[in-house]
Amino acid sequence: MARFNRKGVTKILFAETIVDAGYMPTSAEVTGATDYSRQIAAVDGFTLENQMIETPDMASTFVSKIGGDDSAADSSITFYEDNTLDDIETDLAKGTTGFIIICRKGKTAGAAGMDVFPVTVSSNSAAITLDNEAAKIVVAFAITDRPLLNATVPTGP
């Protein structure tokens, strides 16, 4: 098993539309999506979580559990703020809907590990600090439906 560093490999894109009801993008939709990878400072969330259900019974003092409802973790992307352009502020303004496409093993056609999250931007706020660091913007996303996980980057049109 070959290990790898996500930096330089993983690509994070935003697509305004994906036609497929199961969220599998076409090659054209992936190519047409905005690649924000070079502007990203941090990523939080973009995972599924399960709310386990406790199932105690009278036969044992051990409390077993079964799988319950799935939900998406609170998710956000921290971007570096540009001092002349405002593409993050306008393209990902509060209320914007679309799809975060995470190509974990690269964006090459046929690569495994593509996740697609249907999202609505819930906030877009500058992170103001006096620390000695680059200016940043935090964009929070509401994941609006069950994502497509571990798909293959499309190869055809």
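The values are calculated or read from the model by the stated rules, or taken from the named source; none is laboratory data. Nothing here was measured: the structure is a model prediction, and the numbers come from that model. Counting neighbours? That spans all protein chains shown, and the Cβs are built from the backbone with ideal geometry, glycine included.
Within the stretch 145-157, residues that are free of Cβ contacts under 8 Å to residues at least 60 places away in the same chain have Cβ atoms under 9 Å from residues that are assigned to a strand (DSSP E or B) and hydroxyl-bearing (Ser, Thr, Tyr) in no pair, counting only partners at least 6 apart in sequence or on another chain.
Please verify whether ASP91 is touching a residue at least 40 places away in the same chain (Cβ under 8 Å), more than 19 Å from ALA142 (Cα to Cα) and of a type in the set (Asp, Glu), treating the condition exactly as stated.
So ASP91 does not fit the description; no.
Would you confirm whether any residue within the stretch 51-74 is within 30 Å of GLY156 (Cβ to Cβ), modelled with pLDDT of 95 or more, out of contact with any Leu (no Cβ under 8 Å at 6 or more places or on another chain) and of a type outside the set (A, V, I, L, M)?
First pass over the stretch 51-74, keeping only residues within 30 Å of GLY156 (Cβ to Cβ): 72.
Of the ones still in play, those that are also modelled with pLDDT of 95 or more are none.
Among the residues of the stretch 51-74, not one is within 30 Å of GLY156 (Cβ to Cβ), modelled with pLDDT of 95 or more, out of contact with any Leu (no Cβ under 8 Å at 6 or more places or on another chain) and of a type outside the set (A, V, I, L, M), which makes the answer no.
Could you list, in sequence order, the residues of the stretch 48-64 that are within 26 Å of PRO118 (Cα to Cα) and either surrounded by 11 or more Cβ atoms within 10 Å (Cβ to Cβ) or touching a residue at least 60 places away in the same chain (Cβ under 8 Å) (or both)? Reasoning before the result, please.
Looking only at the stretch 48-64, we keep the residues that are within 26 Å of PRO118 (Cα to Cα), and these are 48-52.
Within the stretch 48-64, LEU48, GLU49, ASN50, MET52 meet the criteria.
When only residues in the stretch 7-37 that are under 15 Å from the mean Cα position of the chain (by Cα), not in a loop (DSSP other than H, G, I, E, B) and not polar (S, T, N, Q) count, which is surrounded by the fewest Cβ atoms within 10 Å (Cβ to Cβ)? Going through the qualifying residues, I end up with ASP35.
Suppose we filter the stretch 44-65 for residues that are in contact with a Lys or Arg (Cβ under 9 Å, 6 or more places away or on another chain) and β-branched (Val, Ile, Thr); how many remain? Before you say what the answer is, go through the steps one by one.
From the stretch 44-65, those in contact with a Lys or Arg (Cβ under 9 Å, 6 or more places away or on another chain) are 48, 52-55; that's our starting set.
After this cut, where a residue has to be β-branched (Val, Ile, Thr) as well, the list is 53, 55.
Count: 2.
Selection of the stretch 65-76 for residues being surrounded by 11 or more Cβ atoms within 10 Å (Cβ to Cβ) and small (Gly, Ala, Ser) yields GLY68, SER71, ALA72, ALA73, SER75, SER76.
None of GLY32, GLY68, GLY8, GLY45 is without any contact (Cβ under 8 Å) to a residue 24 or more places away in the chain and on the phi > 0 side of the Ramachandran plot except GLY8.
Residues checked against (1) outside any strand (DSSP E or B); (2) surrounded by 13 or more Cβ atoms within 10 Å (Cβ to Cβ); (3) under 15 Å from the mean Cα position of the chain (by Cα); (4) modelled with pLDDT of 95 or more:
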residue: THR78; (1), (2), (3), (4): no, yes, yes, yes
residue: THR84; (1), (2), (3), (4): yes, no, no, no
residue: ILE100; (1), (2), (3), (4): no, yes, yes, yes
residue: GLY106; (1), (2), (3), (4): yes, yes, yes, no
residue: ALA112; (1), (2), (3), (4): yes, no, no, no
residue: VAL116; (1), (2), (3), (4): no, yes, yes, yes
residue: SER122; (1), (2), (3), (4): no, yes, yes, yes
